[in-house]
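Below is one structure; the comments refer to it alone.
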Amino acid sequence: MVSIPDECHWEHECIVNSVASILINMVRGYVPKELIVNSAFRNSATCGDTSCSLSVNDYSVIKDLDYGSIKDGVIKVLRLIGLSEVPSLIQAVMDLDLESGVRAIDEGVEINVKGELGARINEALGIALYSIAAYEGAITRFSAAAAIYEGLGNGSRARFMEAMSKIARAEDLRVKAMRLHDEGKHDDERRVIEEASKLYASSVINFREAVGVDEARANEVLSMMDSSEVLANYYFTHGDISRAMQYYNACRGVLSGGNLGENYWDVVKMKGDLCEAFYLLCKAIEEGDWRTYEEAGDKFLDLISEGLIDELTTEGAVMAYKGALDGINEIEDAVRIYSKYVKAVNQYFDNVVRERYGSFESLINEFRGGDHEKIAHALNTDVNTLKLYITGKVLIDIVRDENLGEDAALEILAYLAGLGLNPVDMDVDEMIEELRNFITDEDFMNEIRDLLLKVKARLESMLGN
């Protein structure tokens, strides 16, 4: 893979031209020769008199470049293309997930472009800004697009843009509510959440009026769900489980009136399944039934497997399985649920560690310092669970290296977690002695011993014990 900074000898203009070359190639299918001659592709591109074609296939090579270089590259492209090509450039920076590129286009393209093209540009920029959570900018662009569409007599598209503006405002209020929650201003938080719910509900009417807009029906259903879910999340967070359950039930019930095409069904169903999972968790809390806790946890794990890996699903799974474990008596049930619990813990902490430390390696560097209580507090957990997470990461890496089944690793971790055994602090013989009280299969015990010896050795090497 090409290293643009190395090929450019870290010269800024060359890096900027490399960014511009890739983006304009995505827009036009070729690159002006004037860009290529001072870029990372000067020796690899195939050029004619005025234009060149790139040999690079992986355009994501520009994703990890610094903010300023990407922004300057986008600005350079804007100077070289016409307004009619701006929507294609917006799509290109979205495809490459270039936040700085979206912001550069927003700053570089005026809002008062007239006619159908102006509406399309403002709509595309609104969607791009919404995708990077730049909600105020998105609202401005959606509102401009709505006004232009209205003037052109395209009432359906205008209603759609008005609805998107309301959704962006609602999302902005949700972010504000999170800040208020962290500051302990819960009355203000509730007021903001209720306003967000009303905006979602109001957007439903606009989507219904957007006749002929393909994606309007799916967004209408999502807004109906969001109107209930935002209130449900508030009440769940504040311990009003009965009321949270009521709103999660309303959210999941929206799906029964679906009538959606295949193109939009998956994303809407995922939202419904998330509400279903939280509904089951609320029901389990209310009734104290460990089987319902397990059912909720399974629903969260299904969502994680489908790619919805965030704080809601991972924390929900951990909470559900932890609730189930508090109510079981049979060893087989315990091992099964502990296996799922460990999987959920790993998913949860992968997210939190990435957010707080950047990488697992950075966490380990901090862990070597010895202040385990401080790290556990930063991750909102206890030291034993932190050590279980580290052990689980090591064990799963080992079974993958040796092409063994991950399920076997999870089963071993389930026994360790259930019995409070920890390879970070305990000898292998000590753990094996405890495990023999519950496992009679000698072949399985030998497999466990072999893996624990490898885990212990890698932990000692990793942690410097």
Set Lys374/Lys456; Lys340/Lys393; Lys393/Lys454; Lys343/Lys456; Lys299/Lys340; Lys71/Lys166, cut-off 22 Å on Cα-Cα distance; pairs above it are Lys374/Lys456; Lys71/Lys166
Considering the options Thr140, Gly118, Ser69, tell which one lies farthest towards the positive end of the dipole of segment 1-159, charges being +1 on Lys and Arg and -1 on Asp and Glu at the Cβ, about the Cα centre. Gly118
Quick one: Cα centre-to-centre distance for segment 405-465 and segment 23-73, in angstrom? 52
The chain, dipole about Cα centre (Lys/Arg Cβ +1, Asp/Glu Cβ -1), debye to the nearest 20: 1920
Where Rh is the Kirkwood radius over Cα pairs, Rg/Rh for segment 313-409: 0.99
Spelling it out for Cys52: with amide H atoms placed in the peptide plane at 1.01 Å from N, the residues 5 or more places away or on another chain with amide H under 5 Å from its amide H are Val31, Lys33
Note, segment 34-39: 3J(HN,Hα) by Karplus (6.51, -1.76, 1.60, θ = phi - 60°), whole Hz, Gly/Pro = x, goes 4, 7, 5, 4, 10, 8
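Return the loop-located trypsin sites (Lys or Arg not before Pro) in segment 94-169 (DSSP other than H, G, I, E, B) with at most 11 other Cβ atoms within 10 Å of their own Cβ; answer none if there are none.
Passing both the DSSP loop test and the Cβ count: Lys114.
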Give the list, by residue number, of cysteines in the chain with no other Cys Cβ closer than 4.7 Å, or say none. Cys282
Apply the Karplus parameterisation 6.51 cos²θ - 1.76 cosθ + 1.60, with θ equal to phi minus 60°, to every residue of segment 281-294 and state each ³J(HN,Hα) to the nearest whole Hz, in sequence, with x for glycine and proline. 5, 4, 4, 5, 5, 5, 9, x, 9, 5, 5, 5, 4, 5
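Every number in this text was worked out from the coordinates using simple rules, so none of it is lab data. What you see is a predicted model, and the numbers here were worked out from it, not measured in a lab. Every residue, glycine among them, receives a Cβ derived from its backbone with ideal geometry; neighbour counts consider all protein chains shown.
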